[in-house]
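The values are calculated or read from the model by the stated rules, or taken from the named source; none is laboratory data. Predicted model, so just to flag it, every value in this text is computed and none were measured. As a convention, Cβ positions derive from the backbone with ideal geometry for all residues, glycine included, and neighbour counts pool all protein chains shown. Note: accessible area is taken over every heavy atom of the protein model, side chains too, but ligands, DNA and RNA are not part of it. Shrake-Rupley method; radii C 1.70, N 1.55, O 1.52, S 1.80 Å.
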Amino acid sequence: MDRNLALELVRVTEAAALACGRWVGKGDKNNADGAATEAMRRTLDSIEINGTVVIGEGEMDEAPMLYIGEKVGTEGAPEVDIAVDPLEGTIICAKGTAGAITTIALAPRGGFLHAPDMYMDKIAVGPTAYGAIDITAPPKENLKRVAEAKNCYIEDLTVVILDRPRHEKIINEVRQAGARIHLVSDGDVAPAIAATVADSGVDMMIGIGGAPEGVLAAAALKCMGGDMQGRLVFMSDEEKTRAKSMGIDDFDRIYTAEEMASGDIFFAATGVTNGELLRGVRYYSGGAETHSIVMRSKSRTVRFIKSQHQFDFKPLY
Ligand code: VTB
Ligand code: MG
Ligand code: MG
């Protein structure tokens, strides 16, 4: 793969954002998700890849589009695996609050961890704190090491955590250690990426969120030289059986970003609502503006792309 496919992938996340952007604040997360998924599915077929969805919207019997195992793109093109979350933060979009994105990542065949739809414990930081994190250590220890690596005080660090009862203990520990916290109602992919962006105001993302979202964040962090660890959290024996069927034998394994997304990775995300990482879709007379991040691990090039879309020339929107 010699071309930077990420530059084509961004058309896919832009189309998804323009589609679900119409559903912002409408209180209808399913239609918002459906609009993003349909737009992503449609535009994927215009890309010169022979893709298989490995992280998607669910199994074939439960997801009409972008289900796990679905083939997308064009036959005869380079074979790749695809991870998608067409609308990461469906409730955020439905409410019009901060941080919804559309996102896709691409790896050479076999490059992504086939993470089942279950929970994953995660910790993510940017390149300046690479090597400083240990998911088995308490938050305080991680904060101490990250502050050392960043040559600042723990008090200077901002940690993003999903606002959930399950995080009560780590929230208390982070508070006691002295760091600032940004609790978010949903969406842990964008904050993990934001932790790798120097001026985002986010230094770390910790806590338990979705495993598929963990793989997408890992793909992005790999492109940016960030550091991440993830460990699957099993809530039932059924989840263990399902993980086994997807090739996961070691239930306690700690995965690095590299182990969740290996090889030459391409990643793209577009903002749906405003967030720390990306601006949301803005509509104006005759068109709309989107804000995206596009990257590739091989070259480590990170591009922020602002695009103006003129609807008279793009009749689908
Ligand atoms: C997680 C998180 C996502 O949904 O999957 C969460 O990774 C669902 O967790 O970013 P809960 O069961 O606690 O609601 C998101 O926040 C949005 O997709
Ligand atoms: Mg989704
Ligand atoms: Mg999601």
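Can you work out which of the residues in region 63-93 that are within 12 Å of ligand 1 (Cβ to nearest atom) and crowded, with 24+ Cβ neighbours inside 10 Å is nearest to residue 13 (Cα to Cα)?
Per the stated criteria, the residue is 86.
Take the residues in region 195-219 that are within 20 Å of residue 131 (Cβ to Cβ) and touching a Ser or Thr at 6+ places or on another chain (Cβ under 7 Å); name whichever of them is nearest to ligand 2 (Cβ to nearest atom).
Residue satisfying both the conditions and the ranking: 202.
Applying the selection to region 151-165, what residues are out of contact with any strand residue (DSSP E or B) (no Cβ under 6 Å at 6 or more places or on another chain) and closer than 15 Å to residue 123 by Cβ?
157
With the requirement that a residue be more than 17 Å from residue 82 (Cα to Cα) and outside any helix (DSSP H, G or I), what does region 1-57 give you?
2, 24, 25, 26, 27, 28
So, in region 288-317, of the ones that are among the polar types (S, T, N, Q) and part of a loop (DSSP other than H, G, I, E, B), which residue ends up nearest to residue 276 (Cα to Cα)?
301
Could you grab the pairs with beta carbons closer than 7 Å, sequence gap of 6+ or different chains, first residue in region 34-60 and farther than 22 Å from residue 243 by Cα, second one within 13 Å of ligand 2 (Cβ to nearest atom) and open to solvent by 10 Å² or more (accessible area, probe 1.4 Å)?
37/57; 37/65; 38/65; 41/65
Just a yes or no: is a residue in region 64-76 out of contact with any strand residue (DSSP E or B) (no Cβ under 9 Å at 6 or more places or on another chain) and under 26 Å from residue 280 (Cα atoms)?
No, region 64-76 contains no residue that is out of contact with any strand residue (DSSP E or B) (no Cβ under 9 Å at 6 or more places or on another chain) and under 26 Å from residue 280 (Cα atoms).
I need a count of the residues in region 221-250 that are open to solvent by 80 Å² or more (accessible area, probe 1.4 Å) and either assigned to a loop (DSSP other than H, G, I, E, B) or among the aliphatic types (A, V, I, L, M) (or both).
Of the residues in region 221-250, 3 are open to solvent by 80 Å² or more (accessible area, probe 1.4 Å) and either assigned to a loop (DSSP other than H, G, I, E, B) or among the aliphatic types (A, V, I, L, M) (or both).
Restricting attention to region 168-188, which residues are touching a residue at least 24 places away in the same chain (Cβ under 8 Å) and either more than 9 Å from ligand 1 (Cβ to nearest atom) or open to solvent by 30 Å² or more (accessible area, probe 1.4 Å) (or both)?
If the condition is that a residue be touching a residue at least 24 places away in the same chain (Cβ under 8 Å) and either more than 9 Å from ligand 1 (Cβ to nearest atom) or open to solvent by 30 Å² or more (accessible area, probe 1.4 Å) (or both), then 170, 173, 174, 176, 177, 178, 179, 180, 182, 185, 186 are the ones that fit.
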